[in-house]
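What follows is a short report on a single structure.
The values are calculated or read from the model by the stated rules, or taken from the named source; none is laboratory data. What you see is a predicted model; the values in this text were computed from it and never measured. Note that each Cβ is placed from the backbone with ideal geometry, even for glycine, and that neighbours are counted across all protein chains shown. Areas reflect the complete protein model, heavy atoms only, side chains present, ligands, DNA and RNA absent. Shrake-Rupley method; radii C 1.70, N 1.55, O 1.52, S 1.80 Å.
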2 protein chains.
Amino acid sequence: MTKPPATEPRRTLTLRDVSEASGVSEMTVSRVLRNRGDVSDTTREKVLIAARSLGYVPNKIAGALASQRVNLVGVIIPSMSNMVFPEVMMGISETLEDTGLQPVVGITNYSPEREEAVLYEMLSWRPSGVIIAGLEHTPASRAMLESAGIPIVEIMDIDGEPVDSAVGISHLRAGLQMAEAIVAAGYRRIGFLGTKMPEDHRARKRLEGFREGLRRAGLELADEEYYAGGSALMKGREMTEAILRRTPDLDFLYYSNDMIGAGGLLWCLDNGVDVPNRLGLAGFNGVELLDGLPRKLATMDACRREIGIHAAEIIAGKRPSGVVGGERIELFPTLQPGDTIRKV
Amino acid sequence: MTKPPATEPRRTLTLRDVSEASGVSEMTVSRVLRNRGDVSDTTREKVLIAARSLGYVPNKIAGALASQRVNLVGVIIPSMSNMVFPEVMMGISETLEDTGLQPVVGITNYSPEREEAVLYEMLSWRPSGVIIAGLEHTPASRAMLESAGIPIVEIMDIDGEPVDSAVGISHLRAGLQMAEAIVAAGYRRIGFLGTKMPEDHRARKRLEGFREGLRRAGLELADEEYYAGGSALMKGREMTEAILRRTPDLDFLYYSNDMIGAGGLLWCLDNGVDVPNRLGLAGFNGVELLDGLPRKLATMDACRREIGIHAAEIIAGKRPSGVVGGERIELFPTLQPGDTIRKV
DNA sequence: GGAGGTCTTGATAGCGCTAACAGTAGCAGA
DNA sequence: TCTGCTACTGTTAGCGCTATCAAGACCTCC
């Protein structure tokens, strides 16, 4: 039988091809490629040369099915566009790096239905664990998480009942603290600017906590302004102008995130508003970006990187002491007064 | 033998469980769950009820192995932290949404070795296609891409030889055009500010094209300044101050990206530099963020969303006319002069 | 000398699903 | 009545890999 010409229609390679090319069993090839079990140096060498020269890429689908192990960790977050989640991701990837585990991201756009769909899709790949933002999920999502039989870490928030483990900060408390700081600095006519996002539970909780803080001082919000979509910086300018036109005697503006806060700050500087004496400003998140602004906006960092690190550690089983699951790690954000709150 | 009490240690469910619970064969369950093939309404109903009440989640690993089809598309990009790639991702996800295909992202941090590793990992899941940033890869990466036997789309750049398809803009030309516009506006003492990133080939090509543009006008760069790491906005300020201190007679600064450009702009405004008369500024990318700045930075949009859309269309086989592969789509960025280049 | 290692390799049996084909029933048309 | 179809359901045989066990070769130590 004559060999067909060099370029035969290429099937995708399997272990068998490498096994034939190197003259050992498939099992041995598998062992070499996974660095598992004893294989003599000469055999190992032969196999590696054969695999490389063929350009063999293992099929993890088959491998995962056979071994019942998948090196994937599902990460489900609402968005990637504001700076907050990328930073969480950094913490996660960095921590997972030397564990052989690999994050796979799903985006929900703050939609519970979408979250449910993304979760279903993820679980159908049988990941080793799931990291998911928030504690609020549809009943179906919660049921899936509960019966998945893998570690689940709910991140960002700890005001609620986690399915399994949770790592985050208390947004209720964050809002409360900010209110206290503002009141302590002597501001009294306080406005709030935020997003129209009923499903952003963390922003909602911050506002709730903020209101509570004001109430304890016998105050309440003097005005509110909400937006949806568009460039946050620009929206911050527009909203600031709008709220001040409507309620000119406001002496403080609390923004639900740093980006609109920064927009507000720029508007004030452009329009000669005396910050922080005539008007104080504060945001939330501690976005690094703001470091370059002419003045530093008061904010509260959300411990984003740390949250990612801790969550990944739980999934990777790296937590100290033999804790098995159901961990609850609360982190504590610190207030950064910047230049936009009066010093007391 | 007595049945163990209700709460027995839960194995993960398989088709067989649903099949037993609903009294039909596994095959029929499979058909119902995938909506494929004819199944009577009554059977369908029975199966769906059983599946739902058990909380069955299909195992895509087994499904993919059996069907030799994987609904995943690998997307390999250098970074997620500057605003450029998230926007490409939006275009991709949006386009893939109704195709049953699902993007899976890998990040390389501009490291060719990392890219190689990420690519290997991705290919081992046998995705339906790969979208990868840039045309420059290690020989091993290129070999993998060539022999993967799936559609490959290299994005962002088209100055080079693609493995299969390519969608992007010419960064060489982008740099050249910007140089021409600057020269035409009468600027002569031109500085460049960029990142220390030998592996950011697109930034390199823009600079190359920019130099060529200056040379054609008998000019050359009067000074250069590079940075690495840190908050881009902040770095933009610092670098601007540094380059102007060193070469005070510069009349134009070309930044390799909008963020440092924005930092530069803020510095100029803070320090009373007359922009654009005494000093002109320009960046690159067309980042939406900049909309909120006091003055609009000259820039060039990089067609990021469109790139994502076209790339996804190629993978999904949505391209018009029966083109099979090896498509090359060039997009053309437009110059947005903003307020930081003198009107001619 | 033989029991009991260690090291290395291979054979076998699935993992949970789906492609492909093989029925079976029911019904229209000749 | 039989053929030929459509609608539905089940059986069989893998997909490409790994867990597990078995076995051969070669030692070591009483």
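Numbers at a glance
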| read-out | value |
| --- | --- |
| Hits in region B:198-220 (condition: surrounded by fewer than 17 Cβ atoms within 10 Å (Cβ to Cβ) and in a loop (DSSP other than H, G, I, E, B)) | B:P198, B:E199, B:A217, B:G218, B:E220 |
| Test for A:L65: is it within 20 Å of the chain's Cα centre (by Cα) and either more than 30 Å from B:E288 (Cβ to Cβ) or open to solvent by less than 40 Å² (accessible area, probe 1.4 Å) (or both) | no |
| Filter result (within 21 Å of B:R202 (Cβ to Cβ) and either open to solvent by 20 Å² or more (accessible area, probe 1.4 Å) or not in a loop (DSSP other than H, G, I, E, B) (or both)) within region B:256-278 | B:N257, B:D258, B:M259, B:I260, B:G261, B:A262, B:G263, B:G264 |
| Selection status of B:E113, open to solvent by 10 Å² or more (accessible area, probe 1.4 Å), within 30 Å of A:M259 (Cα to Cα) and outside any loop (DSSP other than H, G, I, E, B) | no |
| Qualifying residue in region A:135-142 (condition: of a type in the set (A, V, I, L, M, F, W, C), in a strand (DSSP E or B) and more than 13 Å from chain B (Cβ to nearest Cβ)) | no |
| Residue check for A:V75: open to solvent by less than 40 Å² (accessible area, probe 1.4 Å), within 29 Å of A:P127 (Cα to Cα) and out of contact with any Asp or Glu (no Cβ under 6 Å at 6 or more places or on another chain) | yes |
| Counted residues, region A:288-344 - those being among the basic types (K, R), farther than 18 Å from A:M178 by Cα, in contact with a strand residue (DSSP E or B) (Cβ under 8 Å, 6 or more places away or on another chain) and in a loop (DSSP other than H, G, I, E, B) | 0 |
| Qualifying residues in region A:44-62 (those that are more than 11 Å from DNA strand D (Cβ to nearest atom) and either under 30 Å from the mean Cα position of the chain (by Cα) or without any contact (Cβ under 8 Å) to a residue 12 or more places away in the chain (or both)) - the one surrounded by the fewest Cβ atoms within 10 Å (Cβ to Cβ) | A:R52 |
| A:A148 open to solvent by 20 Å² or more (accessible area, probe 1.4 Å), closer than 26 Å to A:M80 by Cα, more than 20 Å from the chain's Cα centre (by Cα) and not acidic (D, E) | yes |
| Tally of residues being open to solvent by less than 70 Å² (accessible area, probe 1.4 Å), at negative phi and near DNA strand D (Cβ under 9 Å from one of its atoms) across region A:27-40 | 3 |
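So that you can scan it fast, the table gives a plain yes or no per residue for (1) among the basic types (K, R); (2) open to solvent by 50 Å² or more (accessible area, probe 1.4 Å); (3) in contact (Cβ under 8 Å) with a residue 24 or more places away in the chain; (4) within 14 Å of another protein chain (Cβ to nearest Cβ):
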residue	(1), (2), (3), (4)
A:A232	no, no, yes, yes
A:A242	no, no, no, no
A:R245	yes, yes, no, no
A:Y254	no, no, yes, no
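One line per residue, one yes/no per condition, for (1) within 17 Å of B:R328 (Cα to Cα); (2) in contact (Cβ under 8 Å) with a residue 40 or more places away in the chain:
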{"position": "B:D159", "(1), (2)": "yes, yes"}
{"position": "B:A166", "(1), (2)": "yes, yes"}
{"position": "B:I169", "(1), (2)": "yes, yes"}
{"position": "B:R173", "(1), (2)": "yes, no"}
{"position": "B:Q177", "(1), (2)": "no, yes"}
{"position": "B:K205", "(1), (2)": "no, yes"}
{"position": "B:G218", "(1), (2)": "no, no"}
